[in-house]
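**Q** The structure is given below, and queries will be raised subsequently.
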Amino acid sequence: MSLGVSAIGQGLLYGLLGVGLFLTFRILDFPDMTVEGTFPFGAAVAVSAITHGIHPLVATLLALLAGMLAGLTTGLLSTKGHIPVLLAGILVMTGLFSINLRVMGRANLSLLNQRNLFDTPFLKSLPVYSDSVVVGAIVCAVVVALLIGFLNTQLGQGFIAAGDNPTMARSLGINPAHQQVLGLMLGNGLIGLSGGLIAQNNGYADVNMGIGVIVIGLAAIIIGEVVFGQLSLSQRLIATVLGSVLYRFVLLIVLKLGFAPDDLKVISAVVLAIAIAVPQVESRLRIRRVLRNGVTNNG
């Protein structure tokens, strides 16, 4: 029972990562490799701030701002420096590794004997692992509600249009470059926030904790789309969070089957590959079936 509660809590906290990646990967339609640097950057900033006596809530907001700064850097390199966004993300991700070492002063930094966001009396009074569920649910609900409200504003509609058809958006007076920078800032801000929360929940930050997180984010997006089918844009944000929770349960089942924790990375890649491939295969089979029936009817 406690492992299931832990999976839900971890899924909700990582759900912010999926939502952040959704903004760039699905709406703006480009891969953002900054993710693997932004996630530990948010963790490093939050943990370092707490160890220097800053209130955990403020430290968490600093993780959000740190992520937005990383996204802004990638956006400026891409739009002003005319560097392909994939390469710009890789450059920022690489640079953030050294910055994270500078921020923490070492490869990993513990929160031992330090109060964090999960140490409030109310959360401590809850059953084991329930603190991450409560915090994750509250933060995800607030973030998704704010994003849905934003996407229904004029600016938000311009953001969607820029990702859907940049040429048409430009003809309507929308600057796609500005929307790209905005998307990178929002997406990486949420990813930094996720890193800050995960670090506090785990009790430490590590420079290598961002390795493979893009797979976790993509798995949340793809699993949400595969399981819940055709949804509106607002509903897909919620499905991404739920997809993250389902993904944690998949990993929990894998561990229960006897696989070693060291195998989780390759298993995550396999799960993501299957989740992406299944809808494609089904679509091709459906098209072949329609064509075959058409030929039979004509015959």
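The values are calculated or read from the model by the stated rules, or taken from the named source; none is laboratory data. What you are looking at is a predicted structure, and each value in this text was computed from that prediction instead of being measured. Heads up, the Cβs are rebuilt from the backbone with ideal geometry, glycines too, and the neighbour counts pull from every protein chain shown. Side chains are part of the model used for accessible areas, which takes the heavy atoms of the whole protein and leaves out ligands, DNA and RNA. Shrake-Rupley method; radii C 1.70, N 1.55, O 1.52, S 1.80 Å.
**Q** Under a point spin-label approximation (7 Å from Cα along Cα-to-Cβ), what is the Ser98-Tyr204 distance to one decimal in nm?
**A** 2.6
**Q** Here is a further query. Quick one: accessible area per residue over the chain, 1.4 Å probe, rounded to a whole number of Å²?
**A** 49
**Q** Which percent of the accessible area of the chain is formed by carbon and sulfur heavy atoms (probe 1.4 angstrom)?
**A** Within the chain, the accessible surface is 66 percent carbon and sulfur.
**Q** Relative to the longest principal Cα axis of the chain, at what angle does helix 130-151 sit, 0 to 90 degrees, rounded to 10?
**A** 50
**Q** Mind giving me the FRET efficiency for Glu282 and Leu255? R0 is 22 Å, r the Cβ-Cβ distance, nearest 0.05 is fine.
**A** So the FRET efficiency works out to roughly 0.15.
**Q** Here's a follow-up. Sequence gap at least 6, Cα distance under 8 Å: using those rules, report the relative contact order of the range 146-299 to the nearest whole percent.
**A** Relative CO of the range 146-299 lands at 16 percent.
**Q** Then there's this: Using alpha carbons only, how many angstrom separate the centre of the range 1-37 from the centre of the range 106-148?
**A** 16
**Q** Once you have the Cα-Cα distance between Ile267 and Asn113, take 0.36 nm times their residue separation minus that, and quote the gain in nm to one decimal.
**A** My answer for the length gained is 52.0 nm.
**Q** Sorting check: for 275-288, 234-247, 62-75, 85-98, which peptide has the highest mean count of neighbouring beta carbons within 10 Å, and how do the rest follow?
**A** Order by mean packing, descending: 62-75, 234-247, 85-98, 275-288.
**Q** Compute the angle between helix 233-256 and the longest alpha-carbon principal axis of the chain, please, reported from 0 to 90 degrees and rounded to the nearest 10.
**A** Once rounded, one gets 70 degrees.
**Q** For the chain, find the longest principal axis of its Cα atoms and tell me its angle to the long axis of helix 85-104, 0 to 90°, nearest 10.
**A** Computed tilt is about 10 degrees.
**Q** Just one of [x] 1.16; [y] 1.06; [z] 1.53 is Cα Rg over 2.2 N^0.38 Å calculated from these coordinates, so which is it?
**A** The value matching this structure is [y].
**Q** Would you calculate, for the chain, the mean residue ellipticity at 222 nm contributed by helices, counting each DSSP H stretch of 4 or more residues as -39,500 (n - 2.57) and dividing by all residues, to the nearest 500?
**A** My calculation for the chain gives -26000 deg cm²/dmol from helical runs alone.
**Q** List the relative contact order of the chain as a percent without decimals, with contacts defined as Cα pairs under 8 Å and 6+ residues apart.
**A** 35
**Q** Using θ = phi - 60° and the Karplus relation 6.51 cos²θ - 1.76 cosθ + 1.60, list the HN-Hα couplings for the range 118-126 in order, rounded to whole Hz, with x at every Gly or Pro.
**A** Ordered by residue, 3J(HN,Hα) equals 9, 9, 5, x, 5, 5, 5, 7, 7 Hz.
**Q** Would the range 168-299 count as rounded, prolate or oblate if I go by the C-alpha gyration tensor, calling it rounded below 1.5 in a/c and otherwise prolate when a/b exceeds b/c, oblate otherwise?
**A** oblate
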